1. May I ask you to derive the FRET efficiency for residue 68 and residue 194 from their Cβ-Cβ distance with R0 = 30 Å, giving the value to the nearest 0.05?
2. Based on the inverse mean of 1/r over its pairs of different Cα atoms, what is the Kirkwood hydrodynamic radius of the range 201-262, in Å?
3. Non-local amide H neighbours of residue 177 (under 5 Å, H modeled in plane, Pro and chain starts lacking H): which ones?
4. Sticking to Cα atoms, compute the Rg of the chain to one decimal and its Dmax as the biggest Cα-Cα distance, whole number, in Å.
5. Roughly how many debye, to the nearest 20, is the charge dipole of the chain about its Cα centre, given +1 on each Lys and Arg Cβ, -1 on each Asp and Glu Cβ, and no other charges?
6. Relative contact order of the chain, please, whole-number percent, based on alpha carbon pairs below 8 angstrom and at least 6 residues apart.
7. For the chain, find the longest principal axis of its Cα atoms and tell me its angle to the long axis of helix 35-52, 0 to 90°, nearest 10.
8. Quick check: convex hull over the Cα atoms of the range 116-227, volume per residue in Å³, rounded to an integer?
Amino acid sequence: MKPAIVALMAAICTALPAAAGDERRLVFGCICDDTQDLRDRQGLVIDYLASVLSDIPGLTIDSARLPDIPAMSAAINAGKVDFVSETPLAAWGIIDRTNAEITFRERRHGVTAYHSLIIASEKSGVKKLEDLVGKVVAFEGPGSTSAFLFPLSMLRGEGLQTVELASPSDPVPAGKIGYIFTHEDGAAARYIADGKAVAGALSDEDWASPRAEAQMARVRMKVIAKSEPLLRAVTLLRRDMDPALKARLITALGNMHDDPEGWQALRDYNRVRRFDRADEAILADMERMRVYYERVKDRVG
């Protein structure tokens, strides 16, 4: 089959594809909200893999859009998704439910790790996490690792109790920290500046963004807690894939950064610089992340 025809067949699907006859299929899973997001994030990677693996008879490569971790896990267990990219705490949620294994670390935005920060206004008098009891904290959203799950794990690690509020004006129960969701990237600084929250969580990348700097010009803010290095993202592969096909996929992904076409596809896929094959050090980093996952797995997925 000609590469151009294979690339054409590597269509972006909005539902789980069903295998037909002896056709061989690779499915790149995505936990995302809409088809356009799926196409933007994965399309060129799929086209590249279709070209590199075009010598495999009958192979098609598709994407499957799933709404959440339980749905993704069910698809992996059913053999309908072969590989998926996720942040570390979400990845542990999938690993706990499936036979997926950590195969790559992704260098997104040129880095392998970043930090989660909890910030507060200087005039609030908040100096440490314990000072947040009785106050409102702004988190990004239920699916955010750096701006919700990891900060929540940091709070729980200190023995602090939290409760989700419907609005910033809701009373905070005695002895607890109230939190609200902004549903907007890097909006914690604005919520603090607007008086909707005393503190908030965001990544160190968002902290250094012009948007955060603009809000900090209105209200002086400070970092009251900084996480240890948090892995940017990992790629999981279904453990029981066809061994030969799995080996070809691993080689193709691992070599993408050395191929000009592969490098460009990576740049358009979450600005990934390369896939680093998981070694002992990377697996050890993921084990560190599991400690944080265990504290918040009731909120993962």
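1. Working: r = 30 Å, r/R0 = 1.01.
In this case the efficiency is close to 0.50.
2. Across the range 201-262, the inverse of the average 1/r is 16.0 Å.
3. Residues meeting the amide H criterion: 134, 161, 162, 163.
4. Cα radius of gyration and Dmax of the chain are 20.9, 67 Å respectively.
5. On the way: 39 positive and 43 negative charges, 129 e Å.
The calculated dipole for the chain is roughly 620 debye.
6. Relative contact order here is 26 percent.
7. 40 degrees
8. On the way: hull volume 9.3 nm³, N = 112.
Once divided by residue count, the hull of the range 116-227 is 83 Å³.
Throughout, read-outs are computed from the coordinates displayed, never taken from laboratory work. If you're wondering where the values come from, they're calculated on a predicted model, not measured in any experiment. So basically every Cβ, Gly included, is an ideal-geometry build from the backbone, and we count neighbours across all protein chains shown.
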